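Read the structure below first, then the notes.
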Amino acid sequence: MKEYKPGIRLSLGIRLNTNENPYNLSNNVKFLLKIFKKNLNFIKIYPDNNNNYLINILKKKYNLKNNNIFVCNGSDEGLFFLFNLLKKFFIKIPFLSYPFYNIYCLFNKIIFKKILFKNILNYKNIFLPIPNSPTGEIFTIKKIKKSIEKKSFVILDCAYSDFSNFNYIKFINKKNNLIIVKTMSKFFSSANIRIGYIISNSFLIDKLNKIKYFFNSYTVNTISSYISIECLRDKHYFNYISQKINYIKTLFINLFNKKIINKSFGNFFLINSNIDFYIFFKKKNVYFRLFSNFKNKLIRISISNLFFFKKIRKNYLKWS
């Protein structure tokens, strides 16, 4: 069985291989943790298996109903449930994209086909990351809306969509099978708490809940749930750091210039380089994510903070 290999985990060096947000989470969370410290009695009981408090916040944020939202232990768990739910379909996934799609298809014995990202809207029953990782590509809202109206189901994996402020939730209704997967890990600087959520029509959300209860009734703990709530409430702070990330992305683009393959709408970008580039930076304790296609080595670089950018620029000028 093919398995997923996560990005290198390390305590030293500069890790730009996992698309994490380089900035800390909201100060609201620091106050929340102080409150938790004085009230730890809740740890001895199981968490709310329906995640009602978090769902209520998400409902208000996106103007939805409770039965439009499914909360899960990270978006990867949500994706696994979706592949399990849709395993009788012939699924299309992008050719160069998140490796877990391929692995979940193999694990669930799903018939699937890999399609070039630029052509995937021509098919039905598609998993579509917006923006795509590692390439950062998107489609216009107009093209996606047209695709939603005519396809059997469209799953939009929006792990990075908040960095470019794209919102497709308004297109969800009872008449279509649009499914949107989101996460607290990337934009909200909360990868460690493992919170994801899925938004769709009430019929599909009910199916996902049934799958979850076969697997584990209590997938999301109380501390993670409340941290998510505080992050969602502090929209001004995260909009501010998103602007900082976009500014530093501009600095990276100017630095790497012609090596960059296409415009990225996420907190990362893809360059076309050789293995020497990757190894050179690895020896400097700077870690990127390596992808391969038929001809070249493709290197995905997550956006860092300004301090790390200056170190990378210094080393890049030495390499070049």
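The values are calculated or read from the model by the stated rules, or taken from the named source; none is laboratory data. Since we're looking at a predicted model, the values are computed, not measured. Cβ atoms come from the backbone with ideal geometry, glycine included; neighbour counts cover every protein chain shown. All accessible areas refer to the heavy atoms of the entire protein, side chains included, with ligands and DNA or RNA removed. Shrake-Rupley method; radii C 1.70, N 1.55, O 1.52, S 1.80 Å.
Take residues that are without any contact (Cβ under 8 Å) to a residue 60 or more places away in the chain and over 20 Å from the mean Cα position of the chain (by Cα) and tell me which of the strands (runs of 3 or more DSSP E) falling wholly in segment 262-304 contain 2 or more.
268-273
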Conditions (1) out of contact with any Asp or Glu (no Cβ under 7 Å at 6 or more places or on another chain); (2) among the hydrophobic types (A, V, I, L, M, F, W, C); (3) more than 20 Å from residue 104 (Cα to Cα) -> residue 120 fails only (3)
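If you go through segment 13-26, how many residues are open to solvent by 90 Å² or more (accessible area, probe 1.4 Å) and over 30 Å from residue 291 (Cβ atoms)?
0
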Is it true that residue 229 is within 14 Å of residue 69 (Cα to Cα) and either under 15 Å from the mean Cα position of the chain (by Cα) or outside any loop (DSSP other than H, G, I, E, B) (or both)? no
What pairs can you find where one residue is in segment 38-55 and free of Cβ contacts under 8 Å to residues at least 12 places away in the same chain, the other is assigned to a loop (DSSP other than H, G, I, E, B) and of a type in the set (Gly, Ala, Ser), and their Cβ atoms are less than 9 Å apart, with a gap of 6+ or different chains? none
Just for segment 147-164: of the residues that are farther than 26 Å from residue 299 by Cβ and out of contact with any helix residue (DSSP H, G or I) (no Cβ under 8 Å at 6 or more places or on another chain), which one is surrounded by the fewest Cβ atoms within 10 Å (Cβ to Cβ)? 150
For segment 10-35, what are the residues that are within 9 Å of residue 287 (Cβ to Cβ) and charged (D, E, K, R)? 15
How many residues are closer than 27 Å to residue 25 by Cα, small (Gly, Ala, Ser) and open to solvent by less than 20 Å² (accessible area, probe 1.4 Å) when one looks only at segment 190-212? 2
Starting from residues that are surrounded by fewer than 13 Cβ atoms within 10 Å (Cβ to Cβ) and either within 20 Å of the chain's Cα centre (by Cα) or among the basic types (Lys, Arg) (or both), keep the ones in segment 38-60 and report whichever is farthest from residue 214 (Cα to Cα). 38
Step by step: first the residues of segment 165-189, then only those that are crowded, with 18+ Cβ neighbours inside 10 Å and among the charged types (D, E, K, R), then the one that is farthest from residue 83 (Cα to Cα). Which residue is that? 186
Qualifying residues in segment 125-140 (those that are among the aliphatic types (A, V, I, L, M) and over 15 Å from residue 176 (Cβ atoms)) - the one least open to solvent (accessible area, probe 1.4 Å): 130
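Tell me which strands (runs of 3 or more DSSP E) are completely within segment 144-203 and hold 1 or more residues being within 17 Å of residue 125 (Cβ to Cβ), free of Cβ contacts under 8 Å to residues at least 40 places away in the same chain and of a type in the set (A, V, I, L, M), or say none if there are none.
154-157, 178-183
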Would you confirm, using the coordinates I've provided, whether residue 317 is open to solvent by 30 Å² or more (accessible area, probe 1.4 Å), over 23 Å from the mean Cα position of the chain (by Cα) and not basic (Lys, Arg)? yes
Assuming residue 272 fulfils every condition listed in (1) surrounded by 14 or more Cβ atoms within 10 Å (Cβ to Cβ); (2) under 20 Å from residue 26 (Cα atoms) apart from one, which condition is it? (2)
